[in-house]
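None of the figures in this text is laboratory data; all of them are computed from the coordinates on show. What you are looking at is a predicted structure, and each value in this text was computed from that prediction instead of being measured. Cβ placement follows ideal geometry from the backbone for every residue including glycine, while neighbour counts extend to all protein chains displayed.
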Amino acid sequence: MIFMKKRKKPKFARQNAHRKARVSESWRKPKGEDSKQRLKKKYMGAHPTPGYGQSKKVRGKHPCGLVEKIVHNLTELSGLDKKIHAVRIAHPVGKKKRTEIIKAAEEKGIKVLNKGVI
């Protein structure tokens with residue numbers, strides 16, 4: 001299986017987030033009339049635009065190259081393919097059922113992404 005790596009994209013910082021402690025860094029569209037970031041001045045940082053999207057081959061996949069599926073029980077594990085899918089065990093699953101899911105996944109050769117978390 002040939003896997004393309006996801007391209008890195010810049011961190012899109014909110015305007016003046018570095019100046020004010022109470023303002024979060026999460027992106028907000030700049031709306032000021034004289035805003036340099038709204039005018040897309042290069043020194044103000046990158047804007048999230050359509051060109052930063054990932055290719056269709058990579059989009060929605062785990063960094064290991066497999067499609068991630070959340071599993072709650074053994075029956076959900078049955079229809080998965082080891083070449084395409086990787087499994088993440090759901091949060092509310094208990095210790096007993098978790099160990100059963102891990103054993104069944106290892107027998108089928110399916111990768112478990114959160115195996116160490118018990």
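Select from the stretch 105-118 the residues that are surrounded by 11 or more Cβ atoms within 10 Å (Cβ to Cβ) and among the hydrophobic types (A, V, I, L, M, F, W, C) and write down the one among them that is farthest from the chain's Cα centre (by Cα). Per the stated criteria, the residue is 105. Being hydrophobic (A, V, I, L, M, F, W, C) and either assigned to a loop (DSSP other than H, G, I, E, B) or over 22 Å from residue 109 (Cβ atoms) (or both) is a condition met by at least one residue of the stretch 25-33. Only residues that are of a type outside the set (Gly, Ala, Ser) and more than 15 Å from residue 110 (Cα to Cα): list them for the stretch 59-71, please. Residues satisfying the conditions are 59, 61, 63. Selection over the stretch 64-104 of residues that are surrounded by 11 or more Cβ atoms within 10 Å (Cβ to Cβ) and either assigned to a loop (DSSP other than H, G, I, E, B) or among the aliphatic types (A, V, I, L, M) (or both) gives a count of 21. Of all residues in the stretch 1-41, those satisfying the criterion of being over 30 Å from residue 83 (Cα atoms), surrounded by 10 or more Cβ atoms within 10 Å (Cβ to Cβ) and hydrophobic (A, V, I, L, M, F, W, C) are 12, 13, 17, 23, 27, 39.
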